[in-house]
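*Asks:* Before I ask anything, here is the structure I am working with.
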Amino acid sequence: MAAHILQVAYYPTLQETRTLMLESAGYQVTSVLGNDNAIGLDGAVIAAADLIVVGFSASHFVRAAMVHWFKAHYPKIPVVALQFYGWEKFAEADVATLSEDPTIWLAEIASILKS
């Protein structure tokens, strides 16, 4: 059975593009646009995720708040935060990786799901 990834995106085109990339890599994807929609998901949908990806096209504060919320409510689900800038830090994320090269963050996701 394919791993289930929950994606939180902040820009519709990137949401669609990232969903297609994740699905082409063999993952089942639930994708939402923005923090409010992520928090509003049924808890069972979130709990069923094997991994959460937080996109990069919102302010650092908005994304850090989403990472914090997931780790506070679902601490066992790994969170990958996509960075827009290399200096960004997401202390609570399991992995923070630059968004500009999909092969890098897809490899990070595969590595986390294997462990």
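The values are calculated or read from the model by the stated rules, or taken from the named source; none is laboratory data. Note that the structure is a prediction, hence the values are computed from the model and not measured. Backbone-built Cβ (ideal geometry, glycine too); neighbour counts: all protein chains shown. Side chains are part of the model used for accessible areas, which takes the heavy atoms of the whole protein and leaves out ligands, DNA and RNA. Shrake-Rupley method; radii C 1.70, N 1.55, O 1.52, S 1.80 Å.
*Asks:* Go through the range 7-42 and report how many residues are without any contact (Cβ under 8 Å) to a residue 24 or more places away in the chain, among the small types (Gly, Ala, Ser) and over 16 Å from residue 73 (Cα atoms).
*Replies:* Within the range 7-42, residues that are without any contact (Cβ under 8 Å) to a residue 24 or more places away in the chain, among the small types (Gly, Ala, Ser) and over 16 Å from residue 73 (Cα atoms) number 1.
*Asks:* Moving on to the next point. Restricting attention to the range 1-45, which residues are under 23 Å from residue 71 (Cα atoms), among the hydrophobic types (A, V, I, L, M, F, W, C) and not in a loop (DSSP other than H, G, I, E, B)?
*Replies:* 5, 6, 8, 9, 22, 29, 32, 33, 38, 39, 44, 45
*Asks:* Follow-up. Go through the residues of the range 51-72 one by one and say whether even a single one is in contact (Cβ under 8 Å) with a residue 60 or more places away in the chain, farther than 19 Å from residue 14 by Cα and not in a helix (DSSP H, G or I).
*Replies:* Of all residues in the range 51-72, those in contact (Cβ under 8 Å) with a residue 60 or more places away in the chain come to 51.
Checking the rest, the ones that are also farther than 19 Å from residue 14 by Cα come to none.
No, the range 51-72 has no match at all.
*Asks:* If you take the residues in the range 75-87 that are surrounded by fewer than 16 Cβ atoms within 10 Å (Cβ to Cβ) and not aromatic (Phe, Trp, Tyr), which one is modelled with the lowest pLDDT?
*Replies:* Of the residues in the range 75-87, the ones surrounded by fewer than 16 Cβ atoms within 10 Å (Cβ to Cβ) are 75-76, 85-87.
Next, from what is left, pick out any that are not aromatic (Phe, Trp, Tyr): 75-76, 86.
On the way: 75: 97, 76: 97, 86: 81.
In this case the residue turns out to be 86.
*Asks:* When you scan the range 47-58, do you find a residue that is of a type in the set (Ser, Thr, Tyr) and modelled with pLDDT of 95 or more, even just one?
*Replies:* At the first step, the residues of the range 47-58 found to be of a type in the set (Ser, Thr, Tyr) are 57.
Among the residues that remain, those that are also modelled with pLDDT of 95 or more are: none.
No - not one qualifying residue is present in the range 47-58.
*Asks:* All but one of (1) assigned to a loop (DSSP other than H, G, I, E, B); (2) at pLDDT 90 or above hold for residue 100; which doesn't?
*Replies:* It is condition (2) that residue 100 fails.
*Asks:* Got a sec? Which of 72, 64, 44, 49 is out of contact with any His (no Cβ under 9 Å at 6 or more places or on another chain) and open to solvent by less than 50 Å² (accessible area, probe 1.4 Å)? Write out each step before concluding.
*Replies:* On the way: 72 fails: open to solvent by less than 50 Å² (accessible area, probe 1.4 Å); 44 fails: open to solvent by less than 50 Å² (accessible area, probe 1.4 Å); 49 fails: out of contact with any His (no Cβ under 9 Å at 6 or more places or on another chain).
The match here is 64.
*Asks:* Can you tell me which residue within the range 73-97, out of those that are within 12 Å of the chain's Cα centre (by Cα) and part of a loop (DSSP other than H, G, I, E, B), is nearest to residue 61 (Cα to Cα)?
*Replies:* At the first step, the residues of the range 73-97 found to be within 12 Å of the chain's Cα centre (by Cα) are 77-83, 93-97.
The next check asks that each one be part of a loop (DSSP other than H, G, I, E, B); those that pass are 77-78, 93-94.
Working: 77: 21, 78: 19, 93: 14, 94: 17 Å.
Of everything passing the filter in the range 73-97, 93 is nearest to residue 61 (Cα to Cα).
*Asks:* Given the criteria at pLDDT 95 or above and either charged (D, E, K, R) or open to solvent by less than 60 Å² (accessible area, probe 1.4 Å) (or both), does residue 95 qualify?
*Replies:* On the way: at pLDDT 95 or above: no; either charged (D, E, K, R) or open to solvent by less than 60 Å² (accessible area, probe 1.4 Å) (or both): yes.
No: the conditions fail for residue 95.
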